[in-house]
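A.B. asks: Let me give you the structure first, and then I'll get to my questions.
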Amino acid sequence: MLIFHNRWAPSISYGWFFLFFLIPFLFVLKVSLGISVFSVPPFTNLISWLAPPGSSSKTVFQLHLNFQNYITLFTDPIYIRAFLSSLHLAFLSTFFCLIFGGFLAYNIWQAPARLRISLLIFLMIPFWTSFLIRIYALMGLLSPKGIINTVLLKLHFIEHPISFLDTTFSVLLGMVYCYVPFMTLSIYSALEKIQPEWMEAAMDLGSSPFKTFLKVVVPLAKQGIFVGCALVFIPSFGEFVIPELLGGPKNFTLGRLIWDTFFHLRDWPLACAVASVLLIPFLLVMLGKYGIDRLKRQKRLS
């Protein structure tokens, strides 16, 4: 049995980050600074070695950086609209996932110990099914002839089927349905570390249950809340499948824009520029969070 020493854990994490995120991101960044051409691959190289006229031995190093793709992103109304639409959907889906996921995590944490595993299994059961199948099942529920409209018509609550599909509501519903388990598990893992005696001590000192929740539970679970919000916001911001299947033309997001630019327009540099704009802010946030945590750790040690 291989037992890893504690000092190896950061190295393994950094190695994973470098291998599976930083290297692919640098490749995407390299392509985004090129120019789209009709060749294989369909983008120009950034580095070239050219021989000056009249010289057969010396070569000159040249670096070709094209920032026009990034200028297009911040000047073209289509890309600005897609960015704002994706940001709006990501914030709303993160907010609703935080509300529902926090509620589920807190109730699972408060449930008897013998039921917690069963409740977590019920929460994870949808993950046993393909992501795409779950979205198609949701389309069947929300369609004009789906179960929801059929039941409402049978109960005479509505006279005509409600058009749920191709709306912002259906996209938000799909995102919350797919991502709320990530929020729930992240918050639950943080709540599980809280000792019940801490809450009992706060209430013995005269704190109400609601005040105890705000002053004791929420601060101690803030790490799980942050991780859960990141796990929901980041994929929601670049989501492609849910807006494509559940949203109409009005829900034009960055994920759909990357797909159209990459496969229909065959403009790989521009598509990689969009992807880089998605990745750079999250990279800066994670590095900033790491720096803040490291400063706090150093202060505690000193």
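A.B. asks: Put +1 on the Cβ of every Lys and Arg and -1 on every Asp and Glu Cβ in the range 75-301; which of Val217, Phe83, Cys97 then has its Cα farthest towards the positive end of the dipole?
C.D. replies: The listed residue farthest towards the positive side: Val217.
A.B. asks: Quick check for you: which residues of the range 268-291 have the amide N under 16 Å from the point 7 Å beyond the Cα of Phe74 toward its beta carbon?
C.D. replies: Residues 273-282 fall inside that zone.
A.B. asks: Additional query: Would you mind computing Rg(Cα) / (2.2 N^0.38 Å) for the range 75-301, counting N as its residues?
C.D. replies: On the way: Rg = 21.1 Å, N = 227, 2.2 N^0.38 = 17.3 Å.
Here the Cα radius of gyration is 1.22 times the empirical estimate.
A.B. asks: Any idea how far apart Leu46 and Leu295 come out in nm if each label point goes 7 Å out from Cα toward Cβ?
C.D. replies: 3.0
A.B. asks: Treating only the Cβ of Lys, Arg, Asp and Glu as charged (+1, +1, -1, -1), what charge dipole size does the chain show about its Cα centre? Round to the nearest 20 debye. Walk me through the numbers on the way to the answer.
C.D. replies: Values: 22 positive and 12 negative charges, 157 e Å.
So the dipole magnitude of the chain works out to roughly 760 debye.
A.B. asks: Next question. Can you tell me, using C-alpha contacts under 8 Å and at least 6 residues apart, the relative contact order of the range 75-301 as a whole percent? Don't skip to the answer; put the middle values down first.
C.D. replies: Working: 217 pairs, mean separation 62.8, N = 227.
It comes to 28 percent, rounded to a whole number.
A.B. asks: I've got another one for you. Any idea what % of Cα-Cα pairs in the range 63-131 are farther than 20 Å? Please list the in-between numbers first.
C.D. replies: Working: 1407 of 2346 pairs.
Tail of P(r) above 20 Å: 60 percent of Cα pairs.
A.B. asks: Would any residue of the range 93-114 have its amide N under 16 Å from a label point 7 Å out along Cα→Cβ of Ile121? List them or say none.
C.D. replies: Backbone N within reach: 112-114.
A.B. asks: Where does each of 172-180, 145-153 land if you order them by average Cβ count within 10 Å, highest first? Display every interim value, and only then the final one.
C.D. replies: Working: 172-180: 22.0, 145-153: 14.0.
So the peptides 172-180, 145-153, ranked by packing, come out 172-180, 145-153.
A.B. asks: Setting aside same-chain residues fewer than 8 positions from Lys145, which lysines have a Cα under 26 Å from its Cα?
C.D. replies: Partners found: Lys154, Lys250.
Values quoted throughout were computed directly from the atomic coordinates according to the rules given, and no laboratory measurement underlies them. Predicted, not measured: the structure shown is a model, and the values here were computed from it. Please note: Cβ atoms are built from the backbone with ideal geometry, for glycine as well, and neighbour counts cover all protein chains shown.
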